[in-house]
Amino acid sequence: MSAVEVIGASKIFNQGKTQQVDALVDVNLTVDQGEFVSLIGPSGCGKSTLLRLIANLLEPTGGSLMVNNKTVSQARLDQDYGMAFQQAGLFDWRTVSKNIELPLELKGWDKEKRSARAAEMLELVKLPEFADLYPWQLSGGMQQRIAIARALAAHPPLLLMDEPFGALDEMTREYMQGELLRICGETATTVVFVTHSIPEAVYLSNRVVVMSPRPGRITSVIDVDLGAKRNEDTRAADGFFRNITAVREALRGTQADHASANAIRGLEDR
Amino acid sequence: MKFARRAAYRTAMFVVSIFSVVAIWELYKIIGPQDGGKFFGVSVLPRANNTAMPHISTMLSRYSRPEVRGSDKKIWVVVLSGAWFSLRLSLVGFFLGTTIGVGLAILMARFKIVQRGLLPYLVMSQTVPLIALAPLVVSWGGKLEIGSFVWPRWLSASILGTFLAFFPIAVGTLRGLSSAPAAAVELMESYAASWKQTLFKLRFPAAVPFMVPAFKLGASGAVVGVVVAEISTGLKGGIGRLIIEYAREATGDPAKVFTAVFGAAALGLIMAGFVAISDVFFMRNRPKESSI
């Protein structure tokens, strides 16, 4: 069973109008259980749109999407996935643990079960002593860790992340990447991860999906052969740079396509 | 500790500001022209004499003297009971205004079409002069028959308070409800949260910093509405009635009207104070810079 299945999905904004934008055209992607897949590409390549289609926050114009062999709308209703954004987006008026409890509250869990789970999640992200503080009393990196704890609170099998570390400084960012791998390893969570950063994509992923704009589509998929166990030494390994180069070259291809983007689109339409 | 120091600082600033107003008033009485300053026949400076501008001390000491000569009722008792009467009417007006204002804001936030259709009328409603509206409300109220319910006269004054209170509350709450960040709304959507859940767990908490100043305006608006309604409908017992009664005696007893005016001002402050206390309560755990 695959965690995510995208079959011929398209998303066209303002269809038929002069401002028509082909955000995604005929995208096919399968993500296996426990896999970590990154979506990378220049701005406007539709990587965030694809993530929002999987999350059922947007309706596709064509094609179909499945999460855990369910329709995406059913998966959203069942809270089969957790989500994290670039802004941690914690609620200022809730304590850290109440923030983590939010999805559980919406699911109708009772109070004891909720606070037990929140405590468990705080252990997981290694911030147990911050339970009763408010989010604005925490650093950006800590806030983002709480956001991940919140996304995973209901133990969803799938985690969707939209540039979650984009607003963090480089040092915090690398630390968070390590933490994310550890957490996902411990919880066996499948991740679809949108990023701008090539080293980030390579360090985290089993596969890197390279996308290109106008119209948004997948141009290549690169298998990262760094093995399952990754740590700080991985960043200095030869294989790391080889994979980075591979992704970079695939991305260069997308840049060169800019001029001929319309020609390609013409072909694909037929 | 920090909180106590800030409270002390604020109280000190309040006292200083009151004393500076007193000082400016008394200073003008010394240097201002006794019969007003005229410039090419147009009077531009107010008269500084004791009839137009009584000494602050005269006004304050007036509180301890009887309301009318020969009566044993001290004027502070009369002003206080008038203020209490008007305060109750204002509270009724404020609560009705809050209910209507917040209700309208929820409707407008829920249905964009309601917002587009209703908002212009709300703005327009505030251009109707209160004085013109007051007698109408009284006569409509008099004609109203709902079972055995009899429309009391004071309710008309409260309704006019409501009329001034609901508008800032509706507009401020609507802005607040729409202020929730798009990412937070998307997050709630990703949890498949219902509109009601989003309203109570996200939109209302996010709206508090916008609602507090709106409620302050609404609270003082309710007082203004009630006082004006008392004056224009001649309702007895409140501070508005005292103001016109005492104003008639301005030549013989100029300090008297000020006792009632201060009473009305204190009412507005008390009402806004209620809201300020609730602000401290609701915002106690928020980042300090987000409170307006």
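The values are calculated or read from the model by the stated rules, or taken from the named source; none is laboratory data. Computed from a predicted structure; not experimentally measured. Quick reminder, even Gly has a Cβ in these numbers, built from the backbone with ideal geometry, and neighbours come from all protein chains shown.
I'd like to know if region A:154-170 contains one or more residues that are touching a helix residue (DSSP H, G or I) at 6+ places or on another chain (Cβ under 8 Å) and in a helix (DSSP H, G or I). There is no residue in region A:154-170 that is touching a helix residue (DSSP H, G or I) at 6+ places or on another chain (Cβ under 8 Å) and in a helix (DSSP H, G or I). The sole residue among A:Gln79, A:Gln144, A:Gln87 that is under 22 Å from the mean Cα position of the chain (by Cα), more than 29 Å from A:Ser2 (Cβ to Cβ) and touching a residue at least 12 places away in the same chain (Cβ under 8 Å) is A:Gln87. The requirement of being within 19 Å of B:Trp76 (Cβ to Cβ), more than 14 Å from chain A (Cβ to nearest Cβ), in a helix (DSSP H, G or I) and among the small types (Gly, Ala, Ser) is fulfilled somewhere in region B:229-244, by at least one residue. Within region A:100-120, the set of residues being over 24 Å from B:Glu189 (Cβ atoms) and either acidic (Asp, Glu) or part of a loop (DSSP other than H, G, I, E, B) (or both) comprises A:Asp110, A:Glu112, A:Glu120. Restricting attention to region A:204-214, the residues that are surrounded by fewer than 24 Cβ atoms within 10 Å (Cβ to Cβ) and closer than 22 Å to A:Asp233 by Cα add up to 2. Of all residues in region B:29-70, those satisfying the criterion of being of a type in the set (Val, Ile, Thr), in a helix (DSSP H, G or I) and closer than 25 Å to B:Leu242 by Cβ are B:Ile56, B:Thr58. Tell me whether region B:155-177 contains one or more residues that are loosely packed, with under 15 Cβ neighbours inside 10 Å, over 21 Å from the mean Cα position of the chain (by Cα) and not charged (D, E, K, R). Scanning region B:155-177 turns up no residue that is loosely packed, with under 15 Cβ neighbours inside 10 Å, over 21 Å from the mean Cα position of the chain (by Cα) and not charged (D, E, K, R). One residue stands out among those in region A:32-62 that are assigned to a strand (DSSP E or B) and in contact with a helix residue (DSSP H, G or I) (Cβ under 9 Å, 6 or more places away or on another chain): the one that is nearest to A:Leu251 (Cα to Cα), which is A:Ile40. Here B:Ala192, B:Ala184 are screened, and the one residue that is within 14 Å of chain A (Cβ to nearest Cβ), touching a helix residue (DSSP H, G or I) at 6+ places or on another chain (Cβ under 8 Å) and outside any helix (DSSP H, G or I) is B:Ala192. Search region A:15-60 for residues being among the hydroxyl-bearing types (Ser, Thr, Tyr) and over 18 Å from A:Ser220 (Cβ atoms), and hand back the single one that is surrounded by the most Cβ atoms within 10 Å (Cβ to Cβ). Checking each candidate, the answer is A:Thr49. All of (1) exposed (fewer than 14 other Cβ atoms within 10 Å of the Cβ); (2) within 14 Å of chain A (Cβ to nearest Cβ); (3) part of a helix (DSSP H, G or I) hold for B:Arg284 with one exception: (3). Only one entry in A:Ala131, A:Ala118, A:Ala84 is modelled with pLDDT under 90 and either touching a Phe, Trp or Tyr at 6+ places or on another chain (Cβ under 8 Å) or closer than 23 Å to A:Thr190 by Cα (or both), namely A:Ala84. Answer yes or no: is there a residue in region B:184-200 that is buried (at least 21 other Cβ atoms within 10 Å of the Cβ), assigned by TED's automatic domain parsing to the domain that holds B:Leu87, within 15 Å of the chain's Cα centre (by Cα) and not small (Gly, Ala, Ser). The answer is no, given that none of the residues of region B:184-200 is buried (at least 21 other Cβ atoms within 10 Å of the Cβ), assigned by TED's automatic domain parsing to the domain that holds B:Leu87, within 15 Å of the chain's Cα centre (by Cα) and not small (Gly, Ala, Ser). Only one of the numbered conditions (1) acidic (Asp, Glu); (2) assigned to a helix (DSSP H, G or I); (3) modelled with pLDDT under 85 is violated by B:Glu26, and that is (3).
Here B:Leu122 qualifies as surrounded by fewer than 21 Cβ atoms within 10 Å (Cβ to Cβ), modelled with pLDDT of 85 or more and part of a helix (DSSP H, G or I). Residue-level analysis places A:Asp78 outside the set of residues that are closer than 18 Å to A:Pro213 by Cβ and of a type outside the set (S, T, N, Q).
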